[in-house]
Amino acid sequence: LESSKIAFSMMDEKDENRRSQHRRHHQHQRLCKSTSEIAIIGSGPGALSCALSLQQAGFQHLTLYERDADLQARKDGYGLTLTYSQSPTLPLAKLGLLEQVARLDCPSRSHYTFDHKGKILGYYGNSFSSIDGNSCNGDGDKAGIEKDEDSKLNCRGFGQRGNLRVPRQVLRKVMIDTLYERAENHREVLSSQRSNETTPESSADTSTCNNDIAYKSTKTFNPNRKSSANIQGDLSNVSIQWGKRLTKYTLKRSDTCAPNQDIAETTYCQDQADAKPDIEKPITLYFEDGSNAKADFLIGADGLRSSVITTLLSNGNRSFDLTTPTATTKGENDPTKLSYLGIMIVLGITKDFFHPLLDERGFYTLDGNHRLFTMPFEGSRICDVEKYGRRFIGSDEDRRQQNEFGSSRHTRRYMWQLSFNLDYKQAHVLARDGPQRLLAEVLSRTEGWHSPVHDMIRSTPLDTIWGTPLMDRDPSAILNRINDLYKLGKTKEEKDRMIRTVVCGDAVHAMSPFKGQGCNQALMDGTLLAEWLSRSKLDSAVKGFNREMVQRTHKKVIASREAARYLHSPDVFDNCNTFEGGEGSLAKNEAVRERSEKFSGVEKGCIQKFLKILNEKGINANSFGDDLDSNVGRIIQELGIYENKESIQITEHFRHCQDVRSIKNQPNFTHGKRNSNDEEHALQSARYGDTAGLRALSIDNPISIHKARSQTGETCLHLAAKVGSYYTVKWLLSEASISKHVVDQRGQSPLHAAVEGGDLRVVSLLARISKNYPVCWNEDLNGNTPAATIHLHSEAKQKALHDALHII
């Protein structure tokens, strides 16, 4: 009997050792790219970044679960500030979305900062910078520029801006569209590969196929699409399941599962390709509608009140709640919970409203307790031209009439945010009272503020107004809790929960909007996660991802928190009144010093004196309207306090060379000899419709795009118009400010080139924007007008081009 007991004991011990080895083995394997089911909770930018990044990395089974019924279930949301950079380390470029998103940019080129009475406190932008010369301050004629709407176009600088303004819903549509397109393209490639494998003569070609697909956007996105087709076997399966609100999830012991349902090396998974598809997965998701789903790995990107992170950190405690802010619970200070910042924010999006202070720019208004932020949300000057033709034509009276607020001659919408200090209980009640109550509160709090605050707010439809108490969450506290739970985990389920689940975006590092980093950081989470899961075993990947994510986002959360407190305190005026840096409280806090206002284009040591003179002369938000920039620029000119005077003289000469009346008379203008490497690169980019290449060049050497001339005197605009590159033409006009009335050696304007190229959209755009410039419509050296060039095309094309030219 004793011998039997000992024998059974030894068998149990060996069995337990085998199970432990099995657990350790699987714990240290990578996720299989071809068979692992990855569930992503949420469909915001962070969740979609995870899906796109994992898709790019070769993971083939991705399902996003979204609580909304469909993409249109939410309101317009809010405008995002995204970083434009072609660096491969930043998310938009890494995801292959940079150019798509940049095309949808709603430009915001500058902003004034006012106090609530309209006094100018600062300015950021390029209207008065040296690169713009004098054409932006009312003295365009001195630089040889015709004083018209082009003087506004010339105020925007010569190239790509560092920030993009894109509505959140627009970004989501782009990302979802791309996700489905790439899945479809991947499926087509793999299907073709499969069929070719059965054909002997094509077997050599299939050996070169891999998962690194060069995707191209070709299909139309259907926003009502519920999910993608279910692809069996090793074909890509990507879907979004709408109307799925997660209530909880559970994990099953992986050592009790079949081997092929657990984590395994890629080679092992290939051996299991023909395994039964219905073998149970270790993670079970439970949804509010009573359904459930299985997964191998779970990503929680479900926002501020994440159910995933609550389950992850609860450790089985049903009363555990991370959604109630710590500031509202007396005697409790749990750093993993949401922290109320003491600030309420109300947001709205205008309709049928226009004001010069919002013309491709915004303004900030501060009073020490409130902060009003505005930005363009939809439309631009170039969009106005596309839809209505040229603006501001005719007499001064015509201009004033066309500038009336709410004019149908504009395609604009603007977003505004009013934030202010408020007790949490009051903020919570106010947010629940609905848009009518929120609108009344905002109008009451901004009573007596400068123009056009009240008009703008009153133009806001109620269905776009919403408000919320501002929260943030410390990601380092979340990481510490995860590490503690992993160390203290007594069961396999507890440890598995930590290595099979990650949380990203607002779910783990929610932050205030006052540094414009929330969406950027969420996008970076997705690319980082895919890198770790591709290169490391699972436990190392999850721990590495969490560590790197927290290191990156913790300082952003703290900086955003400091900015929130500072911008809603009287300290903000100390900063505005001491632009030179000074001593005082600002020098004590680096995060606050980063918020330091300035006046772009004015010599730093003269800013305080300059602002005082503006105030004395009554130059403020309430005066001069469309001429505010001109009057501010006049004072800068009178005082001679340009930030870079030498650069201004160079720019004046350059702008003079750009005028059609003088370009051929410049002594140094010789075709074929002026092109430097950058200028040749600009011409090549324009010739091939490479807008991204021009954007990159404009950051390093914007002047080269303007100077570039082909051997026949064609500008970049000529070349892009001739090849029918609509987005390149649009960018050259709106961002690079390339002149549309420069003619080449044949006497042809860009409009001639557009008609020769035959692209209807390009012809229509240039015809509209060139309406008041006879030189664009004149005969060339062969006696042909743009309209006469139509004969180069077929009869059917001729009629369409004729209509495009006369649509104006």
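The values are calculated or read from the model by the stated rules, or taken from the named source; none is laboratory data. A quick note: this is a predicted structure, and the numbers were derived from the prediction, not measured. Cβ: placed from backbone, ideal geometry, glycine included. Neighbour counts: every protein chain shown. Side chains included, ligands, DNA and RNA excluded: accessible areas come from the protein's heavy atoms. Shrake-Rupley method; radii C 1.70, N 1.55, O 1.52, S 1.80 Å.
Quick notes on this one:
- Rolling a 1.4 Å probe over the protein chains gives Arg30 an accessible area of about 90 Å².
- Extension gain for the segment Leu639 to Lys609, taken as residue separation times 0.36 nm less the Cα-Cα distance, is 9.8 nm to one decimal.
- Taking 0.36 nm per residue of sequence separation and removing the Cα-Cα distance, the Gln711/Tyr388 pair yields an extension gain of 112.7 nm.
- Computed label-point distance, nm, for sites Arg305 and Gln86 using a 7 Å Cα→Cβ extension: 4.4 nm
- Filter on Lys173/Lys425; Lys244/Lys337; Lys281/Lys543; Lys771/Lys797; Lys117/Lys556 - keep pairs with C-alpha separation over 27 Å: Lys173/Lys425; Lys117/Lys556
- Highest-first arrangement of 729-737, 350-358, where packing means the average Cβ count within 10 Å: 729-737, 350-358
- In terms of Cα atoms, the Rg and Dmax of region 676-779 work out to 12.3, 37 Å.
- Cut-off under 5 Å, modelled amide H: who pairs with His61 long-range: Ile38, Asn237
- Centre-to-centre, using Cα atoms only, region 541-573 and region 423-491 are separated by 17 Å.
- Cβ-derived FRET efficiency at R0 41 Å, Leu104 paired with His802, nearest 0.05: 0.85
- In nm, spacing of pseudo-spin labels at Ala69 and Thr247 (7 Å Cα→C-beta vector): 2.1 nm
- Pairwise FRET efficiency - Arg547 versus Asp423, Cβ, R0 = 41 Å, nearest 0.05: 0.65
- Label-to-label distance for Gln684 and Ser630 is 4.4 nm, based on points extended 7 Å past Cα in the beta-carbon direction.
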